[in-house]
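Heads up, the thing below is written out as structure tokens.
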Amino acid sequence: MKTIMKFLGALGLMGALVSTSSAGELLRPRISLGTANVKTVSGDRGGYVIDYAIRALKMRRSGTFVRFNGSCDSACTLYLSMPKSKVCITQSASFGFHLPYGVGARGNQVAANFMMKNYPGWVRGWIAKRGGLKGSIATMTYADASRFLPTCPSQQRGMTVASLSPTRLRGG
């Protein structure tokens with residue numbers, strides 16, 4: 001019981017921090033990515049929601065750019081809470097969503113509520129169209145995600161994530 005209470009308290013704190021941080025992102029001008037730290041996400045099966053919430057918050061605060069280049073499942077999908085100006089996807093990107101499990105009924109529901117609150121509207125809409133989070137994984141492919149997120153520049157043309165301009169980041 002003590003562990004569940006710590007977990008719930010930590011999620012509540014992270015919710016406040018991520019939500020506050022998200023609001024702050026809307027007020028800041030776009031940052032040049034010339035010196036950005038880039039994290040590539042590929043083959044990430046997820047883990048504890050609290051761990052991914054903390055990682056996402058740290059990446060947001062440090063200005064880290066996230067490049068999705070493969071599967072990002074379960075708690076990993078919290079990285080989608082990053083500002084659009086800080087992410088890009090390749091054609092290999094996919095996102096797997098399901099109900100959290102493993103912390104007991106109450107803890108699982110708190111984790112699910114936390115995730116849904118922190119996903120951007122387009123992710124919440126995609127999940128809702130499929131009947132909400134369930135015990136089985138629903139996979140969002142590049143085709144769906146690319147309607148909302150910019151595609152990473154082609155490595156073949158000599159471009160890197162760090163050379164993206166704000167116009168390219170908006171998908172223009």
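Here, each number is a calculation from the coordinates, and none is a lab measurement. Note that the structure is a prediction, hence the values are computed from the model and not measured. Counting neighbours? That spans all protein chains shown, and the Cβs are built from the backbone with ideal geometry, glycine included.
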#### Entry: Residues located in segment 55-78, provided they are at positive phi and part of a helix (DSSP H, G or I)
Ser74
### Task
Taking only segment 131-145 into account, find how many residues are free of Cβ contacts under 8 Å to residues at least 24 places away in the same chain and part of a loop (DSSP other than H, G, I, E, B).
2
### Summary
Scanning segment 79-126 for residues that are part of a helix (DSSP H, G or I) and polar (S, T, N, Q), the one nearest to the chain's Cα centre (by Cα) turns out to be Ser81
### Query
What number of residues in segment 100-132 are surrounded by fewer than 18 Cβ atoms within 10 Å (Cβ to Cβ) and over 21 Å from Arg60 (Cβ atoms)?
14
### Task
Filter segment 73-99 down to the residues that are polar (S, T, N, Q) and farther than 23 Å from Gly63 by Cβ, then identify the one that is surrounded by the fewest Cβ atoms within 10 Å (Cβ to Cβ).
Gln91
